[in-house]
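**Q** I have a structure here, written as structure tokens, and I will follow up with some questions on it.
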Amino acid sequence: SQQGEEDPQALSIQEGENATMNCSYKTSINNLQWYRQNSGRGLVHLILIRSNEREKHSGRLRVTLDTSKKSSSLLITASRAADTASYFCALPGTASKLTFGTGTRLQVTL
Amino acid sequence: DAGVIQSPRHEVTEMGQEVTLRCKPISGHDYLFWYRQTMMRGLELLIYFNNNVPIDDSGMPEDRFSAKMPNASFSTLKIQPSEPRDSAVYFCASSFTGGADPLHFGNGTRLTVT
């Protein structure tokens, strides 16, 4: 199973700014998921985007998928302190296996 | 719905001891996954079950690790004997149908082996 590579590894922004994180992968996929992990907690599913979709929105989240470049991005608009967390992309593997990327640590300061 | 429940939240044990981690998935979910998270290796899939049957245990690091799912509402991950390098956060997750279905994670068990 392939693992997504996320960029940047860490990101620090001020409240109200936008945060963008990227996930790149090597082989074709049917879908890609994004998860958030708050400190000391389990991962929480944010959004799934399928290979025939280019963009998807959920509240302040916007996810894009460029299958030609084999990359996805997660944009959080008007960030809040509560958005401070690690964000992971997850790629499907054989059967029902899901492989998580290395994550981006986002710090939103007041 | 209470979500995926894991116990204990923290476990500190000495090298050589047996450790048992427990998980109760969300009712109605057919898939259950065990992951391990460390700073060095990130999130690793250890094993997953479908309808209580182990499907893929290729991620289990060694024979010291074993997992069972005796019924749809309970799973265990056992390490015997434990070693310091097993120190990590162990997560259980469940999903309804597998495939592209989102995973629902528990809050993990932080294991420290001294």
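**Q** Checking the conditions here, which among A:LEU61, A:LEU32, A:LEU106, A:LEU98 is touching a helix residue (DSSP H, G or I) at 6+ places or on another chain (Cβ under 8 Å) and among the aliphatic types (A, V, I, L, M)? I'd like the intermediate steps shown before the answer.
**A** Values: A:LEU61 fails: touching a helix residue (DSSP H, G or I) at 6+ places or on another chain (Cβ under 8 Å); A:LEU32 fails: touching a helix residue (DSSP H, G or I) at 6+ places or on another chain (Cβ under 8 Å); A:LEU98 fails: touching a helix residue (DSSP H, G or I) at 6+ places or on another chain (Cβ under 8 Å).
Step by step, each of A:LEU61, A:LEU32, A:LEU106, A:LEU98 is checked, and only A:LEU106 is touching a helix residue (DSSP H, G or I) at 6+ places or on another chain (Cβ under 8 Å) and among the aliphatic types (A, V, I, L, M).
**Q** Among the strands (runs of 3 or more DSSP E) confined wholly to the stretch A:40-93, which include 2 or more residues that are aliphatic (A, V, I, L, M), modelled with pLDDT of 95 or more and crowded, with 16+ Cβ neighbours inside 10 Å?
**A** Values: elements: A:43-50, A:55-58, A:61-66, A:71-76, A:85-92.
The qualifying strands (runs of 3 or more DSSP E) are A:43-50, A:61-66, A:71-76, A:85-92.
**Q** For residues that are at the interface with another protein chain (Cβ under 8 Å from one of its Cβ atoms) and touching a Ser or Thr at 6+ places or on another chain (Cβ under 6 Å), scanning just the stretch A:94-110, find the one that is modelled with the lowest pLDDT.
**A** Restricting to residues being at the interface with another protein chain (Cβ under 8 Å from one of its Cβ atoms) and touching a Ser or Thr at 6+ places or on another chain (Cβ under 6 Å), the top hit is A:LYS97.
**Q** Considering only the stretch A:26-38, state which residues are under 24 Å from B:VAL4 (Cβ atoms) and either away from chain B (no Cβ under 11 Å) or not in a loop (DSSP other than H, G, I, E, B) (or both). Steps first, answer last, please.
**A** The initial filter retains those residues of the stretch A:26-38 that are under 24 Å from B:VAL4 (Cβ atoms), namely A:31-38.
Once the filter is applied, which keeps residues that are under 24 Å from B:VAL4 (Cβ atoms) and either away from chain B (no Cβ under 11 Å) or not in a loop (DSSP other than H, G, I, E, B) (or both), the stretch A:26-38 yields A:ASN31, A:LEU32, A:GLN33, A:TRP34, A:TYR35, A:ARG36, A:GLN37.
**Q** (1) in contact (Cβ under 8 Å) with a residue 40 or more places away in the chain; (2) away from chain B (no Cβ under 14 Å); (3) hydrophobic (A, V, I, L, M, F, W, C): which one isn't true of A:ALA82, the others all being true?
**A** (1)
**Q** For the stretch B:78-114, which positions are out of contact with any His (no Cβ under 7 Å at 6 or more places or on another chain), within 14 Å of chain A (Cβ to nearest Cβ) and assigned to a loop (DSSP other than H, G, I, E, B)?
**A** B:THR97, B:GLY98, B:GLY99, B:ALA100, B:ASP101, B:GLY106, B:ASN107, B:GLY108
**Q** Filter the stretch A:1-25 down to residues that are outside any strand (DSSP E or B), more than 14 Å from chain B (Cβ to nearest Cβ) and either of a type in the set (Gly, Ala, Ser) or farther than 13 Å from A:SER72 by Cβ (or both), then give me how many there are. Write out each step before concluding.
**A** The first filter runs over the stretch A:1-25 and keeps only residues outside any strand (DSSP E or B), leaving A:1-4, A:8-9, A:15-18, A:25.
Applying the additional criterion that residues be more than 14 Å from chain B (Cβ to nearest Cβ) yields A:8, A:15-18, A:25.
Okay, now just the ones that are also either of a type in the set (Gly, Ala, Ser) or farther than 13 Å from A:SER72 by Cβ (or both), so A:8, A:15-18.
Number satisfying all stated conditions: 5.
**Q** Being closer than 22 Å to B:ASP63 by Cα and of a type in the set (Lys, Arg) is the filter; apply it to the stretch B:1-38 and report the residue that is surrounded by the most Cβ atoms within 10 Å (Cβ to Cβ).
**A** From the stretch B:1-38, those closer than 22 Å to B:ASP63 by Cα are B:11-23, B:32-38; that's our starting set.
From what's left, of a type in the set (Lys, Arg): B:22, B:36.
Numbers: B:ARG22: 16, B:ARG36: 22.
Step by step, filter the stretch B:1-38, then rank; the result is B:ARG36.
The values are calculated or read from the model by the stated rules, or taken from the named source; none is laboratory data. Computed from a predicted model, the values in this text were never measured in an experiment. Please note: Cβ atoms are built from the backbone with ideal geometry, for glycine as well, and neighbour counts cover all protein chains shown.
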